[in-house]
Amino acid sequence: MTKKYCIFITALFCVFLGVLTTATAISPDREKSELENRSLQQLPTLEASDFKLAWPIEESGDFFTGKFMSTFETYCNDQFILRDNWVALKSTSERLSGKQENNGVYFCDKDTLISRFDQPDQKRVDTNVGYVNQFVANAGVPVYMSLIPGAVSIWADRLPEGAPNADQKAVIDSIQGASDAIWYDSYQQLWDHRDEDVFYRTDHHWTSLGAYYGYVSLMNALGMEPVSLDSYTMQTVSDSFYGTVFSSSGVRWVEPDDIDIYVPDPGVEVTSWFTGEPEVGALYNWDKLDIKDKYTFFMGGNQSLGVIKNPNVDGPKILILRDSYTDSLVPFLTQHFSEIHLIDLRYYRYSIPQYIKDNDIDMAVVLYSVSNFVTDTNLFTLRQP
C-alpha cells in the first residue's frame, strides 16, 4: 500500500465523518425513536448552578461532576444522523459474524426474539415477597398470587444452544414457597400449550391466546368455570406489530406479529386514570393500532388505576395488582365479575387495604410476570395498612 493511497483513504474517511457530523448538526432533533420505542435525549443546557464547585466533588454542579458531559454524549448518540439505520446495520453485522445475541436479546428459531433472563437479586426478591406478605395480612379479603413465566422459559427450545439463562421455574417455585398468598399456577397451562402462539415473537408479552390460558389458570383457582376456547371466534386486529423486544434488539429482519382478540367488546363501562384524573376508557383502544406500541391497544396502555364494570354480570368484585400482562387478560374476566379493579403500583401510592374497604372488593390477585416481579422497586406501597 503506497503512502499516497494511505493519505487518500484517510482523507476520504475524514470527509465521510465530516459529512455525517455536519448532517447531524443541521438535522432537527427527534423526540422519539419509533423503532426503539423510547424517548430520545434532547440537547442539555447549562445554568449558573451547574458550574458550582464544591467538596466532595459529588456535591458540585453538573459540569464538574461529569453529569452534563454524560448527558451530552447520550444526546449525540441518540440524535446521530440515520441512527436507526446504524443500529440495524450493527445487529445485522453481528448476526452475520455468528453472534446470537444483541443488547440482551437472543436471535432464536422460528423467527423469534427472546430477552435474556439473568439470576435475580435475591435481596430484591425477598423484599418484594415480604411486601406481598404484609399485604396479605392487612387485606381483609382472600389474596391470590401467581407469576407469569416468559418466552425464555416456555419457549426455551427456541433459544440458541447453550444460551445462558437463569431458571425461571426455579425462581417461581422459590417465591411460591415464601409467599403467604393463596398461590395458583400460571406456568403449567402455558407449558402444556407451548407449541402454540402463546407469546409474541417480537414482544415480551403473552398473546391473547397466552392470556386465555392464564385466564383458565385463574378461574380454576377461584373455583369458577372458564369459557371454552372454541366458544370464541378469533379476530386479527393487526398484522404489523413489532414489540419491545424487537425495539431493543436492533434486529430488522423478522416478520411482524399479529394481534388477535377473542372476546368482542361486551359494552362494559371502563374508567381509566392515565394522568391522575378519571376519564372514559376502553377495553380496546383502536387508535393505538396506528402507532408503534400497538400492545397499548389493550386498555389504552399504562395507568395507575382502571375500573371495568359490567352491569350485566351478577358476580364478585376483583382487584388485580398487576403489570401490563393483565391488559390482555381483562377481556376474558369481564364475563365473570361485576367489577374488575386494576392497580399498577408504579403509579399508585395509596393504601390498598383501604381501597379494598372503600370499594367492597371481594378478592385480590397479585399477578406479575416473573421478570417484572423480581426487579420491581414499587411494591413498598403494599406495606400500608
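Taken together, the values in this text are just the output of simple stated rules run on the coordinates, not laboratory data. Predicted, not measured: the structure shown is a model, and the values here were computed from it. Positions of Cβ are backbone-derived with ideal geometry, glycine not excepted, and every protein chain shown enters the neighbour counts.
Below is a table of values for the structure above.
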read-out: Sites Asp157 and Trp286, calculated FRET efficiency, Cβ-Cβ separation with R0 45 Å, nearest 0.05; value: 0.80
read-out: Members of Lys110/Lys294; Lys123/Lys294; Lys110/Lys288; Lys99/Lys169; Lys288/Lys309; Lys169/Lys294 lying beyond 31 Å, as alpha-carbon distances in this model show; value: Lys123/Lys294
read-out: Inverse of mean 1/r across different Cα pairs in the range 112-383, Kirkwood, Å; value: 19.0
read-out: The range 112-383, dipole about Cα centre (Lys/Arg Cβ +1, Asp/Glu Cβ -1), debye to the nearest 20; value: 780
read-out: Burial ranking of peptide ranges 232-239, 106-113, 267-274 (average Cβ count within 10 Å, highest at the top); value: 106-113, 267-274, 232-239
read-out: Anisotropy class of the range 191-295 from Cα gyration tensor, a/c 1.5 cut; value: oblate
read-out: Prolate/oblate/rounded label for the range 302-385 (Cα gyration tensor, a/c 1.5); value: oblate
read-out: Inter-label distance, nm, simple model (7 Å from Cα along the C-beta direction), Asp185/Asn302; value: 3.4
read-out: Radius 12 Å from Cβ of Leu345, net charge of other residues (Lys, Arg +1; Asp, Glu -1); value: +1
read-out: Karplus-derived 3J(HN,Hα), 6.51/-1.76/1.60, for each residue of the range 348-364, Hz, glycine and proline x; value: 10, 10, 9, 5, 6, x, 5, 4, 4, 5, 5, 10, 6, 6, 8, 7, 10
